[in-house]
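Taking it in order: structure first as structure tokens, then the write-up.
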Amino acid sequence: MKNSISKIIVGSLVIGAVGFADAQKIDAKAKKILDDITANYNSKKNSYFKFSFGTGVNGQVNKTEPGIYYSAGDKYKLKIMDTEQIFDGNKIYNINADDMEVTIAKPNGSSSMFSPINYLTTYRNDYNVIYNGKKNVNGINADFIKLTPIKSNGIQYVYLFVDSAKKQMVKLEQHGSNKDVAVIAIKEYKENQTLDPNMFVFDKNKFKNYIITEL
């Protein structure tokens, strides 16, 4: 489980920009749903998700761990188990408490960083998008949207499940070309909270005993 989390979080789940082998296809209904959700999130001062993070193979999740995610504008903080990632609007800080290591890097301008809602922006350029109807997800009659990469990027497809009435993400499933699966199921959502002003600040003084590498 630790290796799976490190692969996805410490590696930032950076999805590189892909080339256009064929004309991109985006279903009009799916686009409206995703654009409505994006506009809803962007209209908030900040957002908070409590979620379960699951990993497995062959489409089956066999391990889950709780996670939390805060965002405000383009800044965010994500934590699962002993791994934490902070983006302060300029640099990404990957903090591994178990290994006592911190890596610092600037995001690639042609890539998208990991968050429970990252595909709300990357779909516009990198994926074919299809509306697949409704599906019950934890008692919610969610809209089911499938994203397929235009060109090979290590991902076979992504399933997004959204509550269109509330304009919120409910669940995300990422299926890799190697048959690995990663699932984020949102359990709790809050918005416009009063956050610690240092929520998205990396304080080097708190990690004096860590190995810190800046790329």
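The values are calculated or read from the model by the stated rules, or taken from the named source; none is laboratory data. Everything numeric here is computed off the predicted structure, so don't read it as measured data. For neighbour counting, all protein chains shown are included, and Cβ atoms are generated from backbone atoms with ideal geometry for every residue, glycine included. SASA here: full protein model, heavy atoms, side chains in, ligands and nucleic acids out. Shrake-Rupley method; radii C 1.70, N 1.55, O 1.52, S 1.80 Å.
Observations, loosely collected:
- Qualifying positions in region 59-76 - farther than 23 Å from E173 by Cβ and of a type in the set (K, R): K75
- Cβ pairs under 6 Å, 6+ apart, first in region 27-48 and more than 12 Å from V162 (Cα to Cα), second among the charged types (D, E, K, R): N40/K167; K44/E191; S47/E191; Y48/K190
- Matching residues in region 85-100 - criterion: being touching a residue at least 40 places away in the same chain (Cβ under 8 Å), closer than 17 Å to Y210 by Cα and either among the basic types (K, R) or open to solvent by less than 50 Å² (accessible area, probe 1.4 Å) (or both): Q85, I86, I92, Y93, N94, I95, N96
- Test: residue in region 167-182 that is out of contact with any Pro (no Cβ under 7 Å at 6 or more places or on another chain), within 22 Å of N42 (Cβ to Cβ) and surrounded by fewer than 18 Cβ atoms within 10 Å (Cβ to Cβ): yes
- When we screen D143, D180, D163 for residues that are closer than 18 Å to Q60 by Cα and acidic (D, E), the only hit is D180.
- Residues within region 45-58 that are in a strand (DSSP E or B), over 17 Å from E173 (Cβ atoms) and open to solvent by 40 Å² or more (accessible area, probe 1.4 Å), tallied: 1
- Any hit, region 28-35, residues being loosely packed, with under 15 Cβ neighbours inside 10 Å, at pLDDT 90 or above and not basic (K, R): yes
- K106 vs. criteria modelled with pLDDT of 90 or more and either surrounded by fewer than 16 Cβ atoms within 10 Å (Cβ to Cβ) or not small (G, A, S) (or both): no
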